[in-house]
1. Can you work out the Karplus-derived ³J(HN,Hα) for every residue in region 35-49? Use 6.51 cos²θ - 1.76 cosθ + 1.60 with θ = phi - 60°, whole Hz, and x for glycine or proline.
2. Calculate the translational D of region 129-203 in whole µm² s⁻¹ from Stokes-Einstein, where the hydrodynamic radius comes from the Kirkwood formula applied to all Cα pairs, the temperature is 10 °C and the viscosity 1.306 mPa s.
3. Let me know the volume per residue of the alpha-carbon convex hull for region 294-440, in Å³.
4. Translational D (Stokes-Einstein, µm²/s) of region 179-324 at 4 °C and 1.567 mPa s when Rh comes from the Kirkwood sum over C-alpha pairs?
5. Can you work out the PRE-style zone for Lys332? Point 7 Å along Cα to Cβ, and I want the residues of region 228-257 with backbone N under 18 Å.
6. Tell me, what are the semi-axes, in whole angstrom and largest first, of the equivalent ellipsoid of region 63-209 as set by the roots of 5 times the Cα gyration tensor eigenvalues?
7. Test of the criteria: in region 64-145, which GluC sites (Glu not before Pro) are in a DSSP loop and have at most 13 other Cβ atoms within 10 angstrom of their Cβ?
8. 7 Å from Cα along Cα→Cβ at both Ala71 and Lys295: what's the point-to-point distance in nm?
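Each reported figure results from applying straightforward, stated rules to the coordinates on display, with no laboratory input. Everything quoted here is computed from the prediction, not taken from an experiment. Cβ sites come from the backbone with ideal geometry, for glycine too, and all protein chains shown count toward neighbours.
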Amino acid sequence: MTKVQSGMDVADYLGESGKLAWQVDDLAPGTQTRPVRSVGIIGAGTMGGGIAMNFATAGIPVTIVETKQEALDRGFEVMRGNYQRSADKGRFPQDEVEVRMGRMTPTLKMEDLADCDLVIEAVFEDMGIKREVFTKLDAICKDGAILATNSSGLDIDEIAGVTKRPEDVIGLHFFSPANVMKLLEVVRADHTADDVVATSMEVAKKINKVAVMAGVCPGFVGNRILRARQVQANKLLYKGVMPWDIDAAINEFGFKMGPYQMSDLAGLDIGWSKGAKTANPIRDALCEMDRRGQKTGAGYYDYDEARNRKPSEVTETVIRDVTGAEPSTMSKEEITESLIYPMINEAVKILEDNKAQRPSDIDVIWINGYGWPQDKGGPMYYGDMVGPKAVLARMEKLGAEDPDFAPAETLKKLAAEGGSFVDLDLGGLKTAGTEKRKAG
């Protein structure tokens, strides 16, 4: 399997990694692509609208389906506003706004997707809803159409299982805002046909994305690693570390936004409803107080009218009440290691689980989709900067507190025997389909 060799400086490494991510291992020789002359999008909200703009910008006609006229009108108004602002900044001529908007057709009928070559579902992240949508698509769409989900981490094999054509189903995980963010995780499910994979990578290039292959697992590659960081951040709150201290350490590491700055921006009430008791009682308590992030003027932080943030005494009181923890004297270095090293460990586990093609692909995902600092190259490259022994030492401590964070077996091996994270070859991305072909 092709890979980037260790020892490169970070600029050369990222350059080579970016080129390599386009190479798909385990495609049958001579695989052809399917034509994609028209695209259907289900959902005109933030994600659906952003996704649609990519195709309209690339000159590909788009049909956008919504369930209510108000949602459709609102979505088209947002898209027009986005294009108009770009034109006003001189990024393209003013008349191009109407040209691009003219490539998009609004509809309330899913049947209008019948002739689309590619349909992308961008509805609420709920398995029941997605199963319902794909059941309808299976009945409506023409033979040979590619059926894609924009899910950020649900089981695509389960989604494909409600259709009679699982070979046509793939994950196309765009990042928000989808008309701006470069990354596209192309998620290969167990039965996804080779030509669907090849076509998806080709389409990604046409719409100017950075495409990286991933396998089906909770959160795929990017969000699976992000979850490891978030879980550890929440654990630090129970050790008396305040959100602003956690964010400050992550900012100093090089991220523009820390976990709690990000939560406030996105909204604390994502996945929460009034009266709910979730696995995050601190968040629940803040939401019940209507501290739901920047949009309400308060979340983990307090905000002024210009959305400038400052540490909140209210939040500190809530955290002390929920956790009972005494104020912490943990150093920035320990905070950083407690958040970053679990990301490296989880990345190794993803390679062990054969859910990524190569270590450098993981770095491409984190550089292009999550704001990982360029000078630190990505989780795998940074793992080599600090060394496997340092990562193992921290993970042994965290794993003793929570078995979910036990050191990966490969991490133990690297620490004991030497070697590099970016040189790891644990078999690449495997699916039931690729393994069946090898066996046959």
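1. These are the phi-based 3J(HN,Hα) values: x, 10, 9, 8, 10, x, 10, 9, x, 10, x, 4, 6, x, x Hz.
2. For these conditions, the coefficient is 127 µm²/s.
3. Dividing the Cα hull volume of region 294-440 by its residue count gives 181 Å³.
4. The estimated diffusion coefficient comes to 74 µm²/s.
5. Hits in region 228-257 for Lys332 at 18 Å: 241-257.
6. 28, 18, 14
7. Loop-located and lightly packed - none at all.
8. Result: 1.5 nm between the two label points.
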